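In what follows, a structure is listed as structure tokens, so that the remarks can point back to it.
The values are calculated or read from the model by the stated rules, or taken from the named source; none is laboratory data. For clarity, every value in this text was computed on a predicted model and none was experimentally measured. Neighbour counts run over all protein chains shown; Cβ positions are idealised from the backbone, glycine included.
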Amino acid sequence: MDYAQKFDEFTNMAGLACWQAQHSPSKNVITYLSDNKTLSTDLTYQHLDQQARLLAAWLQILTVEGDRAILLFPEERDLLIGLYGCFYAGITAVFIDFPEINMLPESFQAAAGQSAAALVLTTSAIQSIFESQSRSKNPLTWLAIDSPPAHISLKDWQMPASSHETPALLVYSSQSTTQSWGTLVTHGDLLLENIMKDNTLDLADRILDPSQNPARGEYVAPRTPLEKALVGIWSSVLNKSRIGIHDNFYDLGGDSLDGAMIVVQIQDVFQIEIPDPFPLETATIAAVAALIEDFRNNPDR
């Protein structure tokens, strides 16, 4: 497959999702199992497309392209609908770690202030919990995606003008109590990742040039405190227990969201602001460690 041609077919994630809904409407995006491990509910490309269009039609009334919306969802299904609703509306989705319920207002207020978001996407249940626990008036607009206005219809939605360079995601860490950074992921980043990871593609086509990973297939343990700290961060995000310093990020199952979360943790732990873009998807622990050392030695560059 000509990946460059496929990449150029779509200007943003909404275009790709519409194409997926048209060509694979019944294909599951995610499948849920009940407690007895039998099929319970699923989310198909067609259903995701419809839900995203409806939410985006609502968002396009309340926002302008380029606005930011915090996603506050405990469940993956709702999170996907909220995320694609932002893609379809042309606004940037702000992704934060979902806090413990008893810490919801405090954690949220910190994230909201740092991210400069204009509104919050959540569910009616989470909104009620926040309102019952919050002691101060929240200036942001809250939208419960499970309660759209009756007058909103799919016909009201318009394809946004987002391009490959338009920010799609702002991944923000709410763990830092002093200084926090957000990492931007563009529509182009996500498009390339989705095209390269299409289930119909040969896995071999997605593997990066082996010459970029000289010790591929051979486990090499971290040697320095910096490498050990990075392995800990990668392990927590990627849920892997044995990561070598030459293991490739994509080979470990990483994606753009994982990469952005790792970058945020690196910035929080090492108190350095890594310039964007950070080539984590082509990196290894050894390469990232070398880059951090370079930042430390040349902070003004």
* Selected residue (only one of I243, I233 is part of a loop (DSSP other than H, G, I, E, B), surrounded by 17 or more Cβ atoms within 10 Å (Cβ to Cβ), outside the structural domain of Q20 (by TED's automatic domain parsing) and at pLDDT 85 or above) -> I243
* Structure fact -> Exactly one of S128, S163 is in a loop (DSSP other than H, G, I, E, B), of a type in the set (S, T, Y), surrounded by fewer than 18 Cβ atoms within 10 Å (Cβ to Cβ) and modelled with pLDDT of 75 or more, and that one is S163
* To do: Might you let me know whether segment 208-229 holds any residue that is in a helix (DSSP H, G or I), within 22 Å of the chain's Cα centre (by Cα) and modelled with pLDDT of 80 or more?
  => no
* Asked: Somewhere in segment 258-278, is a residue assigned to a loop (DSSP other than H, G, I, E, B) and modelled with pLDDT of 80 or more?
  -> no
* Asked: For N248, are the conditions met, namely being modelled with pLDDT under 70, closer than 13 Å to T284 by Cβ and in the same structural domain as I285 (by TED's automatic domain parsing)?
  -> no
